[in-house]
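One structure is given here, and the rest of the page talks about it.
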Ligand SMILES: Cc1cc2nc3c(=O)[nH]c(=O)nc-3n(C[C@H](O)[C@H](O)[C@H](O)COP(=O)(O)OP(=O)(O)OC[C@H]3O[C@@H](n4cnc5c(N)ncnc54)[C@H](O)[C@@H]3O)c2cc1C
């Protein structure tokens, strides 16, 4: 259970202290790292600019098996066995080999936080100097520092990643009240030339949005149009940039997990389970440092190698992301229809897709398999 010491407004006090592990970012990646450090006795501090679960960062869709593996089923809202895809010419239904579910963000974050054992403070991270993180409330020093702050990679040493020039997609959604039974996506250039639209029902709410792989393309108008086209209101907006390229998972002594390391999958923009997956991998390495079984440098090396060993599927998905918008609409619809008729192909492809970050990893007690240190240049 996290011990909260949140300070707001006049109660906001200076935060100038040391800890063993400092986790910046209390969403999927950061809370997954913290979970793995429970019971180690390490002094773990998690910081975020908001309260835990306060600001939803996604449509909150995830393979159901991940909720079960993480003990987060209580947050589940709706489950789907099919993926329904609309193109301007047809609608196809894929009978999936595993189910996908929507969940409640706040509930999931709170459940995940309960699995950890850490102190929590609200503070906005501004940057870093040797061994310390600068926040709006002061400086925090730690031997082990994790950046789970999302796409901005706030603690990075290079030039800050800046849209629209960076390898980022952009996504925006509205959350009207409404019900539905299908998890639907639209591959339709009248909404977005490169990208897709979606509607995810979530127990009385619909999460309707548009994501563009081209960061220069503005998604507000098409998001509103899609919502109106399906008879919904355009209320309660939520949007963000989404990285679509793997980045180095360690840099200058800092561990990066989730969007800060580009762990969101290209093409589908699915980044929740991967944030938790790499967060767990990171946490397991930190655990070994805390117990004295390895040095911080060994942990940096192993975690970097583990993340980079996933470069191949990320690279493939990025290729498909670039290919799909180039297909002639007739060919695209024809291909989707052919796939619909081949359950074997659907099972095979979605099986591989799940394997990129499989839920079994959660219960797999051992640490990630050591790998050689591959370079990441080829991923970009
Ligand atoms: C519109 C949209 C819909 C999406 N839908 C899905 C989906 O259905 N399924 C899916 O798998 N993925 C989805 N994604 C992608 C997914 O949201 C991300 O990949 C995922 O949230 C990454 O998790 P994370 O923990 O790395 O970062 P985040 O969830 O972005 O969390 C970062 C945390 O850091 C905090 N923070 C940021 N900057 C600072 C700072 N300077 N100081 C202090 N705290 C800070 C934030 O408050 C936040 O709590 C969607 C993305 C968008 C934009």
**OP:** Could you check residue 266 against (1) more than 10 Å from the ligand (Cβ to nearest atom); (2) surrounded by fewer than 24 Cβ atoms within 10 Å (Cβ to Cβ); (3) closer than 27 Å to residue 174 by Cβ and say which number it fails?
**Re:** (2)
Subject >> Filtered residue count, segment 50-86, keeping only those that are touching a helix residue (DSSP H, G or I) at 6+ places or on another chain (Cβ under 6 Å), within 12 Å of the ligand (Cβ to nearest atom) and over 22 Å from residue 184 (Cα atoms) >> reply: 2
**OP:** Please tell me if residue 288 is closer than 26 Å to residue 318 by Cβ and either outside any strand (DSSP E or B) or more than 9 Å from the ligand (Cβ to nearest atom) (or both).
**Re:** no
Subject >> segment 278-295: number of residues that are touching a helix residue (DSSP H, G or I) at 6+ places or on another chain (Cβ under 8 Å) and more than 20 Å from residue 258 (Cα to Cα) >> reply: 4
**OP:** Give me a count of the residues in segment 50-80 that are surrounded by 18 or more Cβ atoms within 10 Å (Cβ to Cβ) and assigned to a helix (DSSP H, G or I).
**Re:** 6
**OP:** Can you confirm whether segment 167-185 contains a residue that is within 19 Å of the chain's Cα centre (by Cα) and on the phi > 0 side of the Ramachandran plot?
**Re:** no
Subject >> Filter pass, residue 299 being modelled with pLDDT of 95 or more, buried (at least 19 other Cβ atoms within 10 Å of the Cβ) and either touching a strand residue (DSSP E or B) at 6+ places or on another chain (Cβ under 9 Å) or within 20 Å of residue 93 (Cα to Cα) (or both) >> reply: yes
**OP:** Any chance you could count how many residues in segment 37-49 are touching a helix residue (DSSP H, G or I) at 6+ places or on another chain (Cβ under 7 Å) and surrounded by fewer than 18 Cβ atoms within 10 Å (Cβ to Cβ)?
**Re:** 0
Subject >> Residue satisfying condition, being under 29 Å from residue 331 (Cβ atoms), surrounded by 19 or more Cβ atoms within 10 Å (Cβ to Cβ) and out of contact with any helix residue (DSSP H, G or I) (no Cβ under 6 Å at 6 or more places or on another chain), within set 225, 170 >> reply: 170
**OP:** Tell me, yes or no, whether segment 232-247 has at least one residue that is more than 21 Å from residue 321 (Cβ to Cβ), within 13 Å of the ligand (Cβ to nearest atom) and in a strand (DSSP E or B).
**Re:** yes
**OP:** Could you pull out the residue among 365, 377 that is loosely packed, with under 13 Cβ neighbours inside 10 Å, more than 30 Å from residue 70 (Cα to Cα) and at pLDDT below 95?
**Re:** 377
**OP:** Residue by residue through segment 95-134, note down the ones that are surrounded by fewer than 21 Cβ atoms within 10 Å (Cβ to Cβ) and touching a helix residue (DSSP H, G or I) at 6+ places or on another chain (Cβ under 7 Å).
**Re:** 95, 96, 97, 98, 99, 104, 107, 111, 115
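The values are calculated or read from the model by the stated rules, or taken from the named source; none is laboratory data. Bear in mind the structure is a predicted one, so any value in this text is a computation, not a measurement. Cβ sites come from the backbone with ideal geometry, for glycine too, and all protein chains shown count toward neighbours.
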